[in-house]
Structures are given as C-alpha cells and as structure tokens.
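What follows is one structure encoded as structure tokens, with my remarks underneath.
The values are calculated or read from the model by the stated rules, or taken from the named source; none is laboratory data. Quick caveat, the model's predicted, so the values are computed rather than measured. All Cβ positions, glycine included, derive from the backbone under ideal geometry; neighbour counts span all protein chains shown. Keep in mind that these areas ignore ligands, DNA and RNA; they rest on the heavy atoms of the full protein, side chains included. Shrake-Rupley method; radii C 1.70, N 1.55, O 1.52, S 1.80 Å.
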Amino acid sequence: MDTTILDSGNTAWIMISSVLVLLMSIPGIALFYGGLVRQKNVLSIIMQTLFLVAVVSILWIAFGYSWAFGTGFAASGSPWEALIGGFDKAFLHGITTDTLTTGQIPELAFVMFQCMFAIITPALILGAFAERIKFSAYVVFIVLWVILAYFPMAHWVWGGGFLQQMGAIDFAGGTVVHINAGISALVMAVMLGQREDYRLGRHITPHNVTFVFMGTSFLWLGWFGFNAGSGLAADGLAANAFLVTHIATATAALTWMAIDWLCNKKPTTVGACTGAVAGLVAITPAAGSTDLLGAFCIGIITPVVCFFMVAAVKPRFKYDDALDAFGVHGIGGIVGSILTGVFATQAVTGPDGAQGALYGDWHQLGVQLLATLVSIAYSAVVTYLLYKLTDRLMGMRAERRVEEEGLDIYEHGETAYN
C-alpha cells in the first residue's frame, strides 16, 4: 500500500467522526448536565461547556497538539520524550494540506479529531462541581488543568509516551479521558465541599429530564465517532468498535434500569440514561480489542459497580459529586480500563495483537492495572495542586447568596426561562 496517497474514504470518515465527537460536548454534555441541575444554574453549565470548546481549541492548536503528538524530543534523543512530545508542531508548524498521517489521512484532519477529545475531557469534570463554583475561578482552573493534566497524559498513552511504550491498551480514552476527568471530579467535589442545601437522603430533582434524555442521545450518537473513529480508518476494526460500543451501551442501560427498578421500585429515565453513559464510558478503552462477549460483560459489570458507587459509597463518604461525574466517568473508566486487560482478544487485535487474561495473557491485565493506577495518581495530584493554587489566588467557591439564588443571574446576568 502506498502510504503517500491520500485515502478519501478514511479521510471522510475521520472528518465525520470529528463532528460526532463535537456533538458530545455541544450539545451533548451541555444538555445532559444542564438538565440534571436546577433551572437557576442551567446557563452556568452551558457557559462552562461553551467556554471549553472555544478555549481548548485555541490551546490545542497553539501547543497542545505538539505536546501530545509532536516528535521533537524523540528526534533529539531527549529523555523528556517519554513525558511530552515537544514544541516542533506548535501552531501546526510544518503541517500542510499535503501532510499525511496514519490511515493515509491529512494530518490536519487528525489534528481536528484529537482536538475534539481535548474538548470533551475537561467538560466531563463539570458535573462534580456543578452549582457552586465561581466562573472566573473555573476559567483559570480548567485552562491550567487542560495544559497540565490532559496534554501530557494524551502523549503518555497515544503519542509515544511511556504508557504506550509499556503496552497499555486505551483505544479511545479510558485513561486519558475518563479516569483523568473522573478522578479530577472526585478531588474537586471533596475540596469544594457540599452544596449549601445538599442533604443526605434528600434528592435534588433535575429541572428538565427531557434535556437529560436529549443529552444522552447526543452522547450515544457522538460516541460512535469517539470510538469507531479512533482506528483512523473506515475498516473492519472501525466496524467492530461501532458494534461493541452500541451493544455495551444498550446492555448497560438495561442493567441500570433493572437495578433501579429492583432497588427503588421504579425504572427511571435518568437511571436508564446514566446506565447508558456508564456503558459508553467503559467500552471506550476496549472498543478496539474486545468482541461481543467483552461488550456484553462490560455492559453488565460496569453499571453494577457504578450504581453501587453512586447509591452506597457516595452517601457513606458524604462527598457531593453533584452529577456523578466520578461515579460514572471515573469508575466507569477504571472498570473499562481493567476489563480491557481481561477481554481483549486476538480475534479483534489480530494474530500478533494483544489479548487479555480470559485468553491466557495475564501480563496485559497487569499492564492495564498499572496504567490505571498511574492515571489515577497523576490526575489526583495535578488537580489537588491546581485547586490549591486557584483557590489561593481568587477563591473557588461561589458566595453563599450567589449559590442560593443561582449562578445564572449572578455570574452571567441571564435566566434560562422567562
């Protein structure tokens, strides 16, 4: 195959996948999280999401892509190449319309595809500190977090860094996206403290469940680009990722609904939507290495664990993870990353590819566990330090009156409904 000739089919698929992944942030996350909060705070969620789309796009082009996928340090033999790509592709230096990359696609298309991942990751954290963070502090914190947490980890796992060299499997973002964001969400929820009117046993009702359903629908749809696009080609691997993503999600939605029905006597829409998201999260690292068996098992196991974290562990430890960003994305990412080391099969990865413990390769499971632990530790430390820095500079928590009457009117001068 001549790798110097552009593949128009692959190129079209990656461009479509980029649009699908963008749909996950706006409107997906904006509607999903926006529906779960109270109406006095829905615009704060929308603004936080929209800000991320804009600012991360600029940061990505400026130096984020170079940090994650640059080869400057590797070319110079610098020991930093295990941790960061370099500055050789800052502002897309040296990349033209004729520059091709893996899959015989324009590198510009790859830049955009990966930009969408950089956008969605910090957006997932919003659910942890919803309804109680100052927008100005959020701006400073989240920009620093993207630079210091996301860009380096993207290089470690996908850009030739030490986790990739170690053989960790993360097809589309179990560690880079979901564990990274989910652990940060937990740290933020604990350090910010509970909302003023948060009470154990008293449910804070979502203001618009229809928004939650619509957001879930956009997430489910967009996730096909997220996972099936990550092979960078329109081929059999993409088809497998497409299939297992859907099956794991459908299984997880039904499993959560069944648990909800059994434990709470009612099958709720919010519960089914949450289960679907948990399934999407967990199949993400495994979509390029597992078959239908893995998809079904991941779709059953993950919502059971996530439900337990949300319904039992969160009340036990009394942290206010407002929209269960940690309980679903963090825990779902951890479960998915570990189970990838169990269910990976050479029926998908090929005769020389990785396989999991179920098929006799316990080493891969060990690698997945180590990669998971590294991701947890790094994300927690970076988030803790950035929180302390931002809080000292300007204060993170909204004033009590602002929190009581709503962030929308005080922070943005608007109300969602007249």
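Picking from A253, Q164, T11, whose Cα lies most toward the positive end of the charge dipole for the chain (charges on Cβ: Lys, Arg +1; Asp, Glu -1)?
Working it through, the farthest residue towards the positive pole turns out to be A253.
From the P(r) of the chain, could you give the percentage of C-alpha pairs in the tail past 29 Å?
Working: 35638 of 87153 pairs.
The answer is 41 percent, as a whole percent.
Tell me the Rg and the Dmax, in Å, that the Cα atoms of region 126-187 produce.
Computed over the Cα atoms of region 126-187, radius of gyration and Dmax are 13.4, 41 Å.
Out of S136, F110, G85, whose Cα points farthest toward the positive end of the dipole of the chain (charges: +1 Lys, Arg; -1 Asp, Glu; placed on Cβ)?
So the residue we want is S136.
Gap in Å between the Cα centre of region 86-113 and the Cα centre of region 32-48?
35 Å
Take the Cβ-Cβ distance between M166 and Y417 as r, set R0 to 56 Å, and report the resulting FRET efficiency rounded to the nearest 0.05.
0.65
Label region 45-113 by shape, choosing from rounded, prolate and oblate, from the square roots a ≥ b ≥ c of the eigenvalues of the Cα gyration tensor; if a/c is under 1.5 it is rounded, and otherwise prolate applies when a/b is larger than b/c, oblate when it is not.
Numbers: a/c = 2.54, a/b = 1.42, b/c = 1.79.
Note, shape of region 45-113 comes out oblate.
Which of rounded, prolate, oblate describes region 321-374, given a ≥ b ≥ c as roots of the alpha-carbon gyration tensor eigenvalues and a/c under 1.5 marking rounded, otherwise prolate only if a/b is larger than b/c? Show your work: numbers first, answer last.
Numbers: a/c = 3.51, a/b = 2.33, b/c = 1.51.
It is prolate, given that a/c is not under 1.5 and a/b is the larger ratio.
For a Förster distance of 25 Å, can you work out the FRET efficiency between the beta-carbons of T71 and I16, rounded to the nearest 0.05? Mind showing how you got there, number by number?
Details: r = 27 Å, r/R0 = 1.10.
Between T71 and I16 the formula returns 0.35.
Could you check how much of the accessible area of region 207-306 is carbon and sulfur, as a whole percent, using a 1.4 Å probe?
Values: 2740 of 3510 Å².
Roughly 78 percent of what the probe reaches on region 207-306 is carbon or sulfur.
Would you mind computing, in nm to one decimal, how far apart the modelled labels at F91 and F317 are, each placed 7 Å from Cα along Cα→Cβ?
For F91 paired with F317, the spin-label model returns 4.5 nm.
Taking the chain as a Gaussian network, Cα atoms linked when under 10 Å apart, which of A62, A278, A123 shows the biggest mean-square fluctuation?
Judging by the Gaussian network model, the answer is A62.
According to the Kirkwood expression over distinct Cα-Cα pairs, how big is the hydrodynamic radius of region 170-268, in Å?
Values: mean 1/r = 0.0604 Å⁻¹.
Hydrodynamic radius (Kirkwood, Cα pairs) of region 170-268 is 16.6 Å.
For I133, list long-range residues whose amide hydrogen, built 1.01 Å from N in the peptide plane, is under 5 Å from its own amide hydrogen.
A398
Going by amide H atoms built from the backbone, whose H comes under 5 Å of the H on L100, apart from near neighbours?
Under 5 Å from the amide H of L100 lie the amide H atoms of E107, each far enough along the sequence or on another chain.
Across 5 Å bins from the origin, how do the percents of Cα pairs in region 97-137 run, short distances first?
With a bin width of 5 Å, the distribution comes to 5, 18, 18, 13, 11, 9, 8, 8, 7, 1.
Taking the solvent-accessible surface of protein heavy atoms with a 1.4 Å probe, what is the per residue accessible area of region 104-243 in Å²? Don't skip to the end; give the middle numbers.
Numbers: 3940 Å² over 140 residues.
For region 104-243, the per-residue accessible area is 28 Å².
How many percent of all Cα-Cα pairs in region 79-181 sit more than 23 Å apart? Before the final figure, lay out each step's value.
Working: 1847 of 5253 pairs.
Roughly 35 percent, rounded to a whole number.
Would you kindly calculate the translational diffusion coefficient of region 1-89, applying Stokes-Einstein with the Kirkwood radius from alpha carbon pairs, for 10 °C and a viscosity of 1.306 mPa s, and quote it in µm² s⁻¹ without decimals? Mind showing how you got there, number by number?
Numbers: Rh = 16.1 Å.
Approximately 99 µm²/s, per Stokes-Einstein.
Describe numerically, in nm with one decimal, the distance between label points set 7 Å from Cα along Cα→Cβ at R202 and at T268.
In this crude spin-label approximation the distance works out to 1.6 nm.
On the principal axes of its Cα set, how long, how wide and how thick is region 218-277? Give whole Å, largest value first.
Taking the Cα atoms of region 218-277, the three principal extents are 45, 18, 10 Å.
Where does helix 269-283 land angle-wise versus the long Cα axis of the chain, in degrees 0 to 90, nearest 10?
Computed tilt is about 30 degrees.
Mind pulling the angle between the C-alpha long axis of helix 180-192 and the longest principal axis of the chain? Nearest 10 degrees, somewhere in 0 to 90.
Once rounded, one gets 20 degrees.
Considering all projection directions equally, how large on average is the shadow of the alpha-carbon convex hull of region 192-344, in square nanometres?
Working: hull surface 37.5 nm².
Spelled out: convex hull of the Cα atoms, projected over all directions, averaged, 9.4 nm².
To the nearest 10 degrees, how steeply does helix 331-343 sit against the main Cα axis of the chain, on a 0 to 90 scale?
Computed tilt is about 30 degrees.
Would you mind calculating the gained length between L292 and Q346 on full extension (0.36 nm times residue separation, minus the Cα-Cα distance), in nm to one decimal? All intermediate terms of the calculation are to be shown ahead of the outcome.
Values: separation 54, 0.36 × 54 = 19.44 nm, distance 1.30 nm.
Length gained between L292 and Q346: 18.1 nm.
Decide, for region 4-44, between rounded, prolate and oblate: order the square roots of the alpha carbon gyration tensor eigenvalues as a ≥ b ≥ c, take rounded if a/c falls under 1.5, and otherwise choose prolate if a/b is larger than b/c, else oblate.
Details: a/c = 7.94, a/b = 5.64, b/c = 1.41.
Judged from the Cα gyration tensor, region 4-44 comes out prolate (a/c at least 1.5, a/b above b/c).
Would you rank E399, E411, E107 by solvent-accessible area, highest first, keeping every protein chain in place and using a 1.4 Å probe?
Values: E399 130, E411 65, E107 10 Å².
In descending accessible area the options line up as E399, E411, E107.
Treating only the Cβ atoms of Lys and Arg (+1) and Asp and Glu (-1) as charged, compute the dipole magnitude of the chain about its Cα centre; round to the nearest 20 debye. Kindly include the intermediate steps, with their values, before the conclusion.
Working: 18 positive and 26 negative charges, 278 e Å.
My answer is approximately 1340 debye.
Which sequence of L124, L59 reflects their accessible areas, 1.4 Å probe, from the largest down? Before the final figure, lay out each step's value.
Values: L124 5, L59 25 Å².
Listed by decreasing accessible area, they come as L59, L124.
I'd like the carbon and sulfur percentage of the solvent accessible area for region 56-174, probe radius 1.4 Å, heavy atoms only, ligands and nucleic acids excluded. Working shown, then result.
Working: 2640 of 3790 Å².
Reported share for carbon and sulfur atoms: 70 percent.
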